[in-house]
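Notes for the one structure printed next.
The values are calculated or read from the model by the stated rules, or taken from the named source; none is laboratory data. Remember, predicted model here, so these are calculated numbers, not experimental data. With ideal geometry, Cβ positions are generated from the backbone for all residues, glycine too; neighbour counts draw on all protein chains shown.
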Amino acid sequence: MSDNNEDNRQQETAEEQPVVQETAEEQSVTAEAVEEKPAEQETAEEQPAEQGSEETVTSPDGNKLTVVESQEVVVAGEPEHKPKELHIGNMVDAIKAMISFFTIIPLSVGEKECNAMERNFWLAPALGAINGFVVFLVVLVLGLCLETNTALLALIAMATVFIFSKFLHFDGLVDFGDGLIVSSDKQEDHVRALKDSLIGAGGYGVSLIVILLSLYCMSSLSWDVGAQVDNTWTKFITVAFIVWPLEILIKNAQVAAAAFGKPGNGMAANQVGNTELNDVLLSTAMTTVLVIITSLISWGIGSLCPIHTELPLAVVILLMLVAILMSVGVGYLMAYVSNKTFGFVNGDVLGATNEISRAAILLITLILLTVSLW
């Protein structure tokens, strides 16, 4: 039996040898083909050494073969592939993109405007001034025509804000509420609820509380100021004057949230990633100037009222300073909570910051005004 096994192994070895011989013959043919092309060798010698490298190997039959590894050669005169030019744009382009994306006003924007918006998000208070002016005009006209109570005017003002902004920030508030109110300590569960298209109890609950609080505080502020005199017009113009600077302040809160937040992977990632502490300082400075201007306009129009009341200057300055600090503080808190809960700040968080900061600023202002009027 052992002799038969040895015979079989010798036969198998004999069968494998032709394969090795064939391989050696193929390599010999390849070597001859290389030797028969002197023109190609001369061309290779003329090229720089960096374009190819030679390696000597030994075939199974003892012949030495030279293997040439070729690399890509850049032909003279061939156009190089240049990186795509990035159109950054200017501040006007940034505001144009903000109007197009965050309002119902359709504007033609492209890559230049979008890049400008992502790099100049600190200009958001300028968009707030535009939003506030639109709401101011709507409430002013409807208030003169309807001569109704402050609660209905506050409702009209809030409805105008939502419609003009295409309900984008309200949608972010609902998603933020869903992501925040999750019975789990795992970050991925909060993120999943945040990005889920379905609305849960957290979304309904948080959005309902925030909107009702904003309506109540806006109506109460107008009533407290207008109640000092028996004049319906004074009550109505107070609603109009509140919403104008308020829309500027809540945009400053968005800038603060973007500056202190960690960027995610959504549409607002570049806005958050490009917004820094210096942008908060610029945004706050712009907010201060715009709030002063709108307050002066409100004072000028209010002084035309036959029976009007003027708050003490010290009270007005105190309310303005507190409101500006509140806008930055709420933005920071929203970024802190979002970084801890979700690991990032995205567009939904910025939208929620817009709505939550409105309710918070109105509430603190109402408390301070009530105390000062005692």
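Tell me which residues, restricted to the stretch 149-166, are buried (at least 23 other Cβ atoms within 10 Å of the Cβ) and either touching a Cys at 6+ places or on another chain (Cβ under 9 Å) or without any contact (Cβ under 8 Å) to a residue 12 or more places away in the chain (or both).
Ala154
Is it the case that the stretch 270-292 has a residue that's among the acidic types (Asp, Glu), surrounded by 15 or more Cβ atoms within 10 Å (Cβ to Cβ), at pLDDT 95 or above and farther than 24 Å from Ile163 by Cβ? Before the answer, list the steps.
Restricting attention to the stretch 270-292, the residues satisfying the condition of being among the acidic types (Asp, Glu) are 276, 279.
Applying the additional criterion that residues be surrounded by 15 or more Cβ atoms within 10 Å (Cβ to Cβ) yields 279.
Right, trim to at pLDDT 95 or above and you get 279.
From what is left, the residues that are farther than 24 Å from Ile163 by Cβ are 279.
Within the stretch 270-292 (the criterion being among the acidic types (Asp, Glu), surrounded by 15 or more Cβ atoms within 10 Å (Cβ to Cβ), at pLDDT 95 or above and farther than 24 Å from Ile163 by Cβ), the answer is yes, since at least one residue qualifies.
Mind listing whichever residues of the stretch 167-194 are in contact (Cβ under 8 Å) with a residue 60 or more places away in the chain and under 17 Å from the mean Cα position of the chain (by Cα)?
Those that are in contact (Cβ under 8 Å) with a residue 60 or more places away in the chain and under 17 Å from the mean Cα position of the chain (by Cα): Leu168, His169, Phe170, Asp171, Gly172, Leu173, Asp175, Phe176, Val191, Leu194.
Taking the stretch 319-355 on its own, how many of its residues are surrounded by fewer than 24 Cβ atoms within 10 Å (Cβ to Cβ) and of a type in the set (Val, Ile, Thr)?
The total comes to 5.
Got at least one residue in the stretch 131-143 being hydrophobic (A, V, I, L, M, F, W, C) and out of contact with any helix residue (DSSP H, G or I) (no Cβ under 7 Å at 6 or more places or on another chain)?
Looking through the stretch 131-143, at least one residue is hydrophobic (A, V, I, L, M, F, W, C) and out of contact with any helix residue (DSSP H, G or I) (no Cβ under 7 Å at 6 or more places or on another chain).
Test Asp175 against the stated conditions and say whether it is in the same structural domain as Gln271 (by TED's automatic domain parsing) and at pLDDT 95 or above.
Yes, satisfied.
Looking only at residues that are over 19 Å from Leu319 (Cα atoms) and basic (Lys, Arg) in the stretch 187-242, which one is modelled with the lowest pLDDT?
Lys195
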